[in-house]
Amino acid sequence: MSKKNAAKKEKQAPVESVVVTPDGDEKPKDKEHTKKKRTKITAKAYHKELANLQLELVKLQEWIKTKKLKVVVVFEGRDAAGKGGVITRITQRLSPRVVRVAALPVPTEREKTQWYFQRYAAHLPAVGEMVLLDRSWYNRAGVERVMGFCTNEEYREFLRSCPEFERMLVRSGIVLIKYWFSVSDEEQERRFQARIHDPVRRWKLSPMDLESRTRWIEYSKAKDEMFKYTDIKQAPWYVVNADIKKHARLNCIAHLLSMIPYKDLTPPPLKLPDLGSREGYIRPPMSDQTFVPAIYPRAEDL
């Protein structure tokens, strides 16, 4: 090959794409990364679909309230799999009096002496309510099992008791829906790195999360064993592919809506009444009240 042709070929060679890691390093994009980027939903389409789904959630909320349903939705999965993001989008337009989130902290010394399911039972819904469990009784089959926070006998008892506990909930009239958010180790690492370098999100990363990275296989085995015993007909597991957060949110919400048949019971628009007569009312001087300082808008904001 002549020097002229070689130079031409070198000039026409495609420039290798790179991706910037959270710590500022550059590395070549692999084919899988490029493929994911190419097939990701656009921001415009995502927000449009999310708005449509949230409108349907408002209708579902009214149906649950009117028909006096009791709904429990369990959100489980790897750390940084996006469970909290989905829960936020579900509750964003809903009433906290109808749809509430239960995210239990570490059990107290007293709670450790109770029947294992007791502290979770206290958060179950009454009629006309839906409870979203951000982590649940499955802590025993996951973090407690892997990190050694429970004995082998306690773990085995959980695997025996959990299916019966959930069947009991279903027989009592509760609609029980369970989601497992699945994320790859590469994507989890990317999200962990992003949290480390973002002060706003750093609180999401705990020492337990970091420890879980070193025990990826143990968690995988624990999840497989958990599914083996608790993926029951009355309350099956539904796995959400969560490598792309926006896709996971839309897919999970759409599936949740499909799990409870509902109709549009949205009340008709109300007529806003007049204020009525102001006769006989004299407002106290505004100088008698303490106001929040009006810092905004600043000059540079206008």
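No lab work stands behind these numbers, since they all come straight from the coordinates. As the structure is a computational prediction, the values presented were derived from the model and not from experiment. Neighbour counts run over all protein chains shown; Cβ positions are idealised from the backbone, glycine included.
Observations
- Its Cα centre serving as origin, the chain has a Cβ charge dipole (Lys and Arg +1, Asp and Glu -1) of approximately 1140 debye.
- Derived scalar couplings ³J(HN,Hα) [region 69-77; Karplus, 6.51 cos²θ - 1.76 cosθ + 1.60; whole Hz; x for Gly, Pro]: 7, 10, 10, 10, 10, 9, 10, 10, x
- Listed residue (Tyr296, Tyr219, Pro261) projecting farthest to the positive dipole end of the chain, Cβ model: Pro261
- Rounded if a/c under 1.5, otherwise prolate or oblate - region 144-194, Cα gyration tensor axes: oblate
- Fluctuation leader among Pro273, Pro207, Pro163 - the chain, Gaussian network, Cα springs under 10 angstrom: Pro273
- Looking at region 235-302, the trypsin sites (Lys or Arg not before Pro) that sit in a DSSP loop and have at most 15 other Cβ atoms within 10 Å of their own Cβ are Lys263, Lys271, Arg278, Arg298.
- If you wrap region 93-251 in the convex hull of its Cα atoms and look at it from every side, the mean projected area works out to 10.9 nm².
- Within the listed set Asp274, Asp231, Asp185, the residue fluctuating most in the Gaussian network model of the chain (springs between alpha-carbon atoms under 10 angstrom) is Asp274.
- Two-decimal log10 I(q)/I(0) for region 212-284, as the Debye equation yields it once each C-alpha is a single scatterer, q = 0.20, 0.21, 0.28 Å⁻¹: -1.10, -1.12, -1.20
- Its alpha carbons considered, region 259-302 gives a radius of gyration followed by a Dmax of 22.1, 56 Å.
- log10 of Debye I(q)/I(0), alpha-carbon scatterers only, for region 57-140 at 0.13, 0.19, 0.21 Å⁻¹: -0.46, -0.88, -1.01
- Amide proton proximity set for Val99, modelled H, under 5 Å, gap of 5+: Met130
- Most mobile listed residue (Gly280, Gly128, Gly82) in the chain, GNM with C-alpha springs under 10 Å: Gly280
- As a ratio to 2.2 N^0.38 Å, the alpha-carbon radius of gyration for region 160-302 is 1.79.
- If the Kirkwood radius is taken over C-alpha pairs of the chain, then at 25 °C and 0.890 mPa s the Stokes-Einstein diffusion coefficient equals 105 µm²/s.
- Over the chain, Cα pairs under 8 Å with separation of 6+ residues give a relative contact order of 25 percent.
- Structure note, pairs Lys83/Lys223; Lys178/Lys245; Lys40/Lys221; Lys70/Lys233: Cα-Cα distances above 27 angstrom occur for Lys40/Lys221.
- 3J(HN,Hα) couplings calculated from phi for region 275-283 with the Karplus curve 6.51 cos²θ - 1.76 cosθ + 1.60 (θ = phi - 60°) are, in sequence order, 5, x, 5, 9, 4, x, 10, 10, 5 Hz; Gly and Pro show x.
- Neighbour-limited loop hits for chymotrypsin sites (Phe, Trp or Tyr not before Pro), region 210-302 (at most 10 other Cβ within 10 Å; DSSP other than H, G, I, E, B): Tyr281, Phe291
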